[in-house]
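The values are calculated or read from the model by the stated rules, or taken from the named source; none is laboratory data. Remember, it's a predicted structure, so these values are computed and weren't measured experimentally. Here Cβ is always computed from backbone atoms with ideal geometry, including for glycine, and neighbour counts include all displayed protein chains. Quick note on the areas: whole protein, heavy atoms, side chains included, nothing else; ligands and nucleic acids left out. Shrake-Rupley method; radii C 1.70, N 1.55, O 1.52, S 1.80 Å.
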Amino acid sequence: MQAERHILITGGAGFIGSHVVRRMVTRYPNYRITNLDKLTYAGNLENLRDIETLPNYQFIRGDIADPVFVMELFRTHRFDGVIHLAAESHVDRSIIAPDDFVYTNIIGTVNLLNAARAFWNKDQGCRFHHISTDEVFGSLGEAGYFTEQTPYDPRSPYAASKASSDFFVRAYGHTYGLPYVLTNCSNNYGPYQFPEKLIPLVINNIRHGRPIPVYAQGQNVRDWLYVEDHAAAIDLVFHRAVNGATYTIGGNNEWRNIDVVRKLCALMDQKLGRRGESAERLITFVADRPGHDYRYAINSSKIRQELGWAPVVDFDEGLRRTVDWYLDHTEWLDHVTSGAYRTYYERMYAGR
Ligand code: NAD
Ligand code: DAU
C-alpha cells in the first residue's frame, strides 16, 4: 500500500487528464486526488462518471490563471504533489485565438508554480509534474527523432505557450529548488478525446456521413500513442523519476495523416457494414493549417531504459478500441456535439 498523499491533478476533466485521474484514483486508494478544472469547452465531467463517487476523489471547478484562487486552494488543501495537465491544447484554436493559450498555459502554470513554491518544503517529497508536448521541439524532416536533448523550436502559438511553460517549470527548479519532473509526449488518441482532434473528428464525421477534412495532401507525419500508455508513463515518472528529470515519450508509431484516415475509414466500413460505399468517399483535401509542422517523431529510449516503460497497445489494436469506444458511446459524442455535456456540472455538482 502506498503512503497517504494528496495530489492535485489539473485538467482532469479533459482527455488525457481523465485517464490520469481514473488511473490514480483506482490504483492508489490511499491517495486523495483533487481534480481542478475550469470546465472550458474541452472539460467534460461525463468523462469521469464511473469514478466520481469514489471516496478518495473530489472535483473542484476553478481557473488556474486566477492567482488568488490558486494560492488559496494550496493554502486550504496542502497538496504534496501536482500533475499539471490543464491547458488549451488544440493547435488550430491557438492560430485563431493565441491569447487564451498565453493566459492558461503560461500564466496558469506560473500561478501553480508560485503556489507550490509558497507552500512546499523541499524536504517533504513534494513534486510538480508538468505534462508537456513534443511540439516544443518544432518540426522534423524525413529523418531524425526528438530526444531530451533536442533544442526547443516551437512554431505554433500552442507550441510557444507550452515551451514557455516548460521553461518556467525548469527555471523554478533551478532558481528556487522547486522539485519537478517534466514529460514531452507525442500525439495521444483513445476514448474521451474531444472530436476536434483528427482521430475522433474522422470517426464522428464518418458516423454522420460528413466530409473528412484532410489538411493539404495529408502527408504530414505524427507519432501516435494510446492514451492509457501515456497515463502509465506519467504514473511511472511521477513516482520514480529523479527531481529535475525530463523524459520524451512516444509510440514509435509514425503515420502519415492520410494513412491514419484510411485506416479509420476501413475500420468504420467494417463496423458499420457500409462496405459498398466506403467512407473514403468522404475524404476532402482542404487548405493546409498555417505553419503546419511536417513531422513529429520521438526517441523514447531514456524512459524505456531508466524506468522500464513501453507502450503496450499497438496501433491497430488501439484504433480498434477507439472506434469501438466511440460507437458504443454515441450518447457521449452527441452530448459533446450538442453542448449538453456542459450542463453536467450544474446538474450533478452545483448544489453540493
Ligand atoms: P484537453 O483539451 O482535452 O483538456 C484540457 C483540460 O484543461 C480541459 O478539461 C479544460 O477544461 C482544462 N482547462 C483549460 N483551461 C483551464 C484553466 N484555465 N484552468 C483550469 N482548467 C483548465 O487536453 P488534452 O489533450 O487532454 O491535453 C492535456 C495536457 O497534455 C495538455 O497540457 C497538453 O498540452 C498535453 N499534451 C497533449 C497531447 C495530446 O495528444 N492530446 C500530447 C502531449 C501533451
Ligand atoms: O504532438 C502532440 C500534440 O498532438 C499535442 O501537444 C496537442 O495538444 C494535440 O492536439 C496534438 O496536436 P496535432 O496538431 O498534431 O493534433 P491534431 O489532431 O489537431 O492533428 C493531427 C494531424 O492531423 C495534424 O497534422 C493536422 C491534421 N489534421 C487535423 C485536423 C483536426 C487534418 O488533416 N485535418 C483536421 O481536421
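With respect to Arg5, is the statement that it is under 20 Å from Leu236 (Cβ atoms) and open to solvent by 10 Å² or more (accessible area, probe 1.4 Å) true? I'd like the intermediate steps shown before the answer.
Details: under 20 Å from Leu236 (Cβ atoms): yes; open to solvent by 10 Å² or more (accessible area, probe 1.4 Å): yes.
Against the criterion (under 20 Å from Leu236 (Cβ atoms) and open to solvent by 10 Å² or more (accessible area, probe 1.4 Å)), Arg5 qualifies.
Restricting the stretch 170-211 to residues that are part of a helix (DSSP H, G or I) and among the β-branched types (Val, Ile, Thr), which is surrounded by the fewest Cβ atoms within 10 Å (Cβ to Cβ)?
Initial filter on the stretch 170-211 (part of a helix (DSSP H, G or I)): 170-176, 198-207.
Okay, now just the ones that are also among the β-branched types (Val, Ile, Thr), so 175, 199, 202-203, 206.
Numbers: Thr175: 9, Ile199: 24, Val202: 26, Ile203: 24, Ile206: 25.
Among them, the one singled out is Thr175.
May I ask you to say which residue of Glu142, Glu135, Glu148 is acidic (Asp, Glu), more than 14 Å from His84 (Cα to Cα) and under 16 Å from the mean Cα position of the chain (by Cα)?
Residue meeting the stated conditions: Glu135.
Give Thr40, Thr10 a once-over and let me know the one that is of a type in the set (Ser, Thr, Tyr), within 15 Å of Asn111 (Cβ to Cβ) and within 14 Å of ligand 1 (Cβ to nearest atom).
Thr10
Return yes or no: is Val70 more than 8 Å from ligand 1 (Cβ to nearest atom), of a type in the set (A, V, I, L, M, F, W, C) and over 19 Å from Phe238 (Cα atoms)?
Working: more than 8 Å from ligand 1 (Cβ to nearest atom): yes; of a type in the set (A, V, I, L, M, F, W, C): yes; over 19 Å from Phe238 (Cα atoms): yes.
It is true that Val70 is more than 8 Å from ligand 1 (Cβ to nearest atom), of a type in the set (A, V, I, L, M, F, W, C) and over 19 Å from Phe238 (Cα atoms).
Determine whether Gly251 is on the phi > 0 side of the Ramachandran plot and touching a residue at least 24 places away in the same chain (Cβ under 8 Å). Before you say what the answer is, go through the steps one by one.
Details: on the phi > 0 side of the Ramachandran plot: no; touching a residue at least 24 places away in the same chain (Cβ under 8 Å): yes.
For Gly251, the condition - on the phi > 0 side of the Ramachandran plot and touching a residue at least 24 places away in the same chain (Cβ under 8 Å) - is not met.
List the pairs whose first member sits in the stretch 43-58 and is of a type in the set (Gly, Ala, Ser), whose second member is part of a helix (DSSP H, G or I) and open to solvent by less than 10 Å² (accessible area, probe 1.4 Å), and whose Cβ atoms are under 6 Å apart, counting only residues at least 6 apart or on separate chains?
none
In the stretch 300-313, is there at least one residue being surrounded by fewer than 18 Cβ atoms within 10 Å (Cβ to Cβ), polar (S, T, N, Q) and under 30 Å from Tyr172 (Cα atoms)?
The answer is yes; a qualifying residue exists.
Can you pull out every residue in the stretch 22-45 that is under 21 Å from Glu331 (Cα atoms) and crowded, with 19+ Cβ neighbours inside 10 Å?
Hits for the stretch 22-45 are Arg22, Leu39, Ala42, Gly43, Asn44, Leu45.
Tell me, which residue of the stretch 103-161 that is within 23 Å of Ser186 (Cβ to Cβ) and of a type in the set (A, V, I, L, M) is farthest from ligand 2 (Cβ to nearest atom)?
By that ranking, first place goes to Ala143.
Go through the stretch 245-268 and give me each residue that's over 30 Å from Arg127 (Cβ atoms), within 26 Å of the chain's Cα centre (by Cα) and open to solvent by 40 Å² or more (accessible area, probe 1.4 Å).
Step one: filter the stretch 245-268 for residues over 30 Å from Arg127 (Cβ atoms), giving 254-268.
Still in the list and also within 26 Å of the chain's Cα centre (by Cα): 254-265, 267-268.
Passing the criteria: Glu254, Trp255, Arg256, Asp259, Arg262, Lys263.
A quick yes/no check of all residues on (1) open to solvent by less than 40 Å² (accessible area, probe 1.4 Å); (2) over 27 Å from Leu236 (Cβ atoms); (3) within 15 Å of ligand 1 (Cβ to nearest atom); (4) part of a helix (DSSP H, G or I):
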position: Leu54; (1), (2), (3), (4): no, no, no, no
position: Ile60; (1), (2), (3), (4): yes, no, yes, no
position: Ser89; (1), (2), (3), (4): no, no, yes, no
position: Ser94; (1), (2), (3), (4): yes, yes, yes, yes
position: Val102; (1), (2), (3), (4): no, yes, yes, yes
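Is it true that some residue in the stretch 269-278 is on the phi < 0 side of the Ramachandran plot and either β-branched (Val, Ile, Thr) or open to solvent by less than 10 Å² (accessible area, probe 1.4 Å) (or both)? If you could, list the steps in order and put the result at the bottom.
Within the stretch 269-278, the first condition is being on the phi < 0 side of the Ramachandran plot, and the residues that meet it are 269-272, 274-278.
Filter once more, keeping what is either β-branched (Val, Ile, Thr) or open to solvent by less than 10 Å² (accessible area, probe 1.4 Å) (or both): none.
Looking for residues that are on the phi < 0 side of the Ramachandran plot and either β-branched (Val, Ile, Thr) or open to solvent by less than 10 Å² (accessible area, probe 1.4 Å) (or both), one finds none in the stretch 269-278, hence no.
Can you pull out every residue in the stretch 112-134 that is in a helix (DSSP H, G or I) and open to solvent by 20 Å² or more (accessible area, probe 1.4 Å)?
Asn114, Arg117, Ala118, Phe119, Lys122, Asp123, Gln124 - these are the residues of the stretch 112-134 that are in a helix (DSSP H, G or I) and open to solvent by 20 Å² or more (accessible area, probe 1.4 Å).
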